[in-house]
Amino acid sequence: MADLFNLGTHSVPDFAGPQRDASGFATGDLRRKYNFGERVSELAIASDPFFRFVSKIAKGPTDDPQFKFTERRPSFHKRYGYVVTGGASASTAISEVASNSGSVILTVGTDYAKNGNLNNVLGNTVSQVMGVSGTTPQFFMEGQLIKVPLSSADASTASNAVLVDYQVLRITNVSDGSAGYKELTCTIVRPAASASYYYMGAHLSVRYDATLSETAVSQETLEPFRVYVVGTAHEQGSGYPETWKDQPFSTSYGNTQIWKTAMAMDNTTRATVLKYDANEWARVWREKLIEHKWDIEQSLLFNGEYDTAGGAWTTQGAVDYITSYGNSFGLTHATKTQDDFLDDLSSFLDPRYNSANASLFFVDTATYNWLHKLSGYFANNLGSVQAFTGGTPNTTAGTGDIRSLARADMSLMGKKKVFGVDITTISTPYGDMNVARNIHLDGSVIKILAVNMKYCKYRPLVGNGLNRDTAIYVGVQTLENSGVDRRVDLIQTEAGMEWSMPEAHAIWS
């Protein structure tokens, strides 16, 4: 078998013309590279929709097989913290807000890393723990106004404490508290309407306890506990206020991966005309291209990022990235209702947390059918109609305006083709879902893969005049007096996936 892929003697030049003049030798097929980077995705489009989309709208060449990239997350909407102690002194564990005058001291922490503004994502392992190094809030300054939530009971011990009111405080002094926290000395600007308690972040301490391996909760759950900056107030004639500077950048890297698919055939077989597919080489050649593309799709979905000792790197697939860093939800078709699914979308698309909707929802076959059943439920099962005349129900057959008595907040809007891929558009209160069936997810635990195409990129290796984006290399061809009577072609791709903004992606499993 090893001899089958023997590339022969490269010193034998290909035939350049009628005379074997050394000055007239052409490059020819022996060393020719056929680039199929833009054409290979045209094959069997429906079978590999993810590769189809990234190769069409998310392609960005790299000139380094281990490429680096930077993410940027703004901080203006993340100036919040959680009260962990509050009252007349910094040591007060909890204090009823009985007095609406004087000053209070709050100890405040937050749950995202100040370097990169990295926050936790829904349903995934907590990576940013309140009170640890790197999460100390830096944005509290003298002269700021903050809105502090208040509860009906001692929220550090009462599980039934609910948000009932708020105070507005003006910060008069900021000092370092214990590691990971700031102490804010404040005067009361907007008093509470009645006796109440500070709505303590300590009530959620279990959410931030890394030893318990708790998962991040919805921003909707955390929101009532947050202390927000709501402006500034300064005296007349006062000088420049303090300032602060965030660090919104975080960096990461990705690998390119080399895929190879070889095909070989002796020239006797190539020259034989067969009954069904006359040209056996053409049949095998096309199917090997599709096989190569199939392998790329599988890798771009399921691979993990890995560096072998010999340098056979693998790129990171969508499932591995989103499972590790993105939003995670549960989905059991038998028990998941339309209302439950809309609750998931509400949490995922909370603008305080994630303002970027997924561009595409890749789903397995069972979920594809399930979504169509959900979105078509009203039309198929509650689609009763009534005839009306002038706003009054009309019982006369064949007269009046026909109106539906049912309404759906999640409805099937239609189907379309995008780059040759069948897309179903489902309208929801949180925007349109563009759903594509992906058979590669069948048999896996992944039911829905929500990918924002703005924050992923397909990175073929291109540099120094060489393009490694799905190229065909003709290794051996029959040459005059070469003694070789077979042909070997090599399909080769070297590319990788770049992923960023995990809160813009989600997975249902």
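The values are calculated or read from the model by the stated rules, or taken from the named source; none is laboratory data. Being a predicted model, the structure only gives us computed values, none of them experimental. Glycine also receives a Cβ, built like all others from the backbone with ideal geometry; neighbour counts cover every protein chain displayed.
Summary of values
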quantity: Cβ pairs under 8 Å, 6+ apart, first in the range 45-68 and farther than 18 Å from L449 by Cβ, second of a type in the set (V, I, T) and surrounded by fewer than 16 Cβ atoms within 10 Å (Cβ to Cβ); calculated: K68/T251
quantity: Hey, K147 buried (at least 18 other Cβ atoms within 10 Å of the Cβ) and modelled with pLDDT of 85 or more or not; calculated: no
quantity: Filtered residues of the range 335-376 (kept if aromatic (F, W, Y) and within 19 Å of the chain's Cα centre (by Cα)); calculated: F341, F348, Y353, F361, F362
quantity: Criterion violated by K415 - all others in (1) within 16 Å of Y368 (Cβ to Cβ); (2) modelled with pLDDT of 90 or more; (3) of a type in the set (K, R) satisfied; calculated: (2)
quantity: Hits in the range 158-194 (condition: among the acidic types (D, E) and either closer than 17 Å to Q144 by Cα or in contact with a helix residue (DSSP H, G or I) (Cβ under 6 Å, 6 or more places away or on another chain) (or both)); calculated: D176, E183
quantity: Exclusive hit being at pLDDT 90 or above, of a type in the set (S, T, Y) and exposed (fewer than 15 other Cβ atoms within 10 Å of the Cβ), set T211, T232; calculated: T232
quantity: A113 vs. criteria aliphatic (A, V, I, L, M), buried (at least 16 other Cβ atoms within 10 Å of the Cβ), closer than 30 Å to K293 by Cβ and at pLDDT 85 or above; calculated: no
quantity: Test: residue in the range 291-314 that is under 23 Å from the mean Cα position of the chain (by Cα), surrounded by 18 or more Cβ atoms within 10 Å (Cβ to Cβ), among the acidic types (D, E) and not in a loop (DSSP other than H, G, I, E, B); calculated: yes
quantity: Meets criteria (of a type in the set (A, V, I, L, M, F, W, C) and assigned to a helix (DSSP H, G or I)) for F341; calculated: yes
